[in-house]
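Worksheet: the structure to be examined is printed underneath.
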Amino acid sequence: MSMDAAHYINTLETRAPRAAKPSDYDFAVLDLASSDKLLEEIYAGMTNEPIQWWSLFEGTNWQAEWDNGPVLVDLRNAASFRAQLSSRLESSSQGIVFKSDIPVDELREHLSHWLTESNPGSGQLLRFHEPRMFGPLLCVLADQRSQKLLSAGTHWWWHDAHNWRQAMPKKGASSMEIGLEEALVSQLELQGSELYWLAGEACGYATYYTDSLPEPKAPERWVFDTLHTAQNAGFANAELLERWLRMAIQYGKEFYLTEPVHTVFSNEELLTTDRLVAMESLMESVMESVYANNL
């Protein structure tokens, strides 16, 4: 197994280890763009419990788009909403939750700064609140910068579409000044975070397909290497990666080298999805032919 796989998986598990489902937290950063009904659900919760929320776009160049952006939600006195939200975050990538003892105004300023000023000149937002990105982001940031981000809270949780994960600032980090110091994140770092995201996918799928994997001693590394091959071939999103993984489990890790499958695999004129559909169909035909010849 590749040393790269071990590095990415081990780094992710160190900086963003798996955790139990959170129940007692203070705040959430939720993305209104993730669901048309999210704001409606927050308002519904406010009729039963004291909930406050603020747009992190307020006071920025994105203020006019506040209804499609992240909001900071104070849930310190909203146990019922917290319970509902924890369950919903397991099935929908809507945001992250955390505990914090920092005054809300400072918290808003800190989070808004990371959102809008961490990638200057690119015109892009650093969507750190995307739960599938938060762990990988912590892996690519230099230690001091990751601690600066985490210092806004004392304990963070998020669900990466497979597992609950957590992160905590090191002792003393919570006393770091929460100011507007530059916390620059380069495009190179953001690109590097993709491999840590892949590590999280590998951990999740290795657990889900544990009884079917051909490599019981190092299942997560086997899955990572398999997904990395698919990613390098242009099959980048989660759905296509899982379909590739299923074929690798069923037909062998190098199924794509089998003819005529490899011809389709190499045909860059086809759309990515069309290539995969054709490969799936051809592999079924190849295996049916092998089975028939063995009768």
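The values are calculated or read from the model by the stated rules, or taken from the named source; none is laboratory data. Keep in mind the model is a prediction, meaning the values are calculated, not measured. All Cβ positions, even for glycine, are placed from backbone atoms using ideal geometry, and neighbour counts span all protein chains on display.
What residue, of Pro131, Pro136, is at pLDDT 95 or above, closer than 16 Å to Gly69 by Cα and in the same structural domain as Ala161 (by TED's automatic domain parsing)?
From the options Pro131, Pro136, the qualifying one is Pro131.
Can you name every residue in the stretch 35-79 that is free of Cβ contacts under 8 Å to residues at least 24 places away in the same chain, part of a loop (DSSP other than H, G, I, E, B) and farther than 21 Å from Ser93 by Cβ?
Across the stretch 35-79, the qualifying residue is only Thr47.
Quick one: which helices (runs of 4 or more DSSP H) sit completely within the stretch 85-175 and have at least 2 residues that are within 26 Å of Glu40 (Cβ to Cβ)?
Per the criteria, 104-117, 131-140.
Would you tally the residues in the stretch 236-273 being part of a loop (DSSP other than H, G, I, E, B) and more than 16 Å from Trp222 (Cβ to Cβ)?
Residues meeting the conditions: 11.
Kindly list, by first and then second residue, each pair from a residue in the stretch 185-207 that is within 19 Å of Leu126 (Cα to Cα) to a residue that is assigned to a helix (DSSP H, G or I) and of a type in the set (Lys, Arg), limited to pairs with Cβ atoms under 7 Å and residues at least 6 apart or on different chains.
From residues that are within 19 Å of Leu126 (Cα to Cα), the pairs are Trp197/Arg132.
Does the stretch 244-262 contain any residue that is at pLDDT 90 or above, crowded, with 19+ Cβ neighbours inside 10 Å and more than 30 Å from Thr11 (Cα to Cα)?
Yes, there is a match, as at least one residue in the stretch 244-262 is at pLDDT 90 or above, crowded, with 19+ Cβ neighbours inside 10 Å and more than 30 Å from Thr11 (Cα to Cα).
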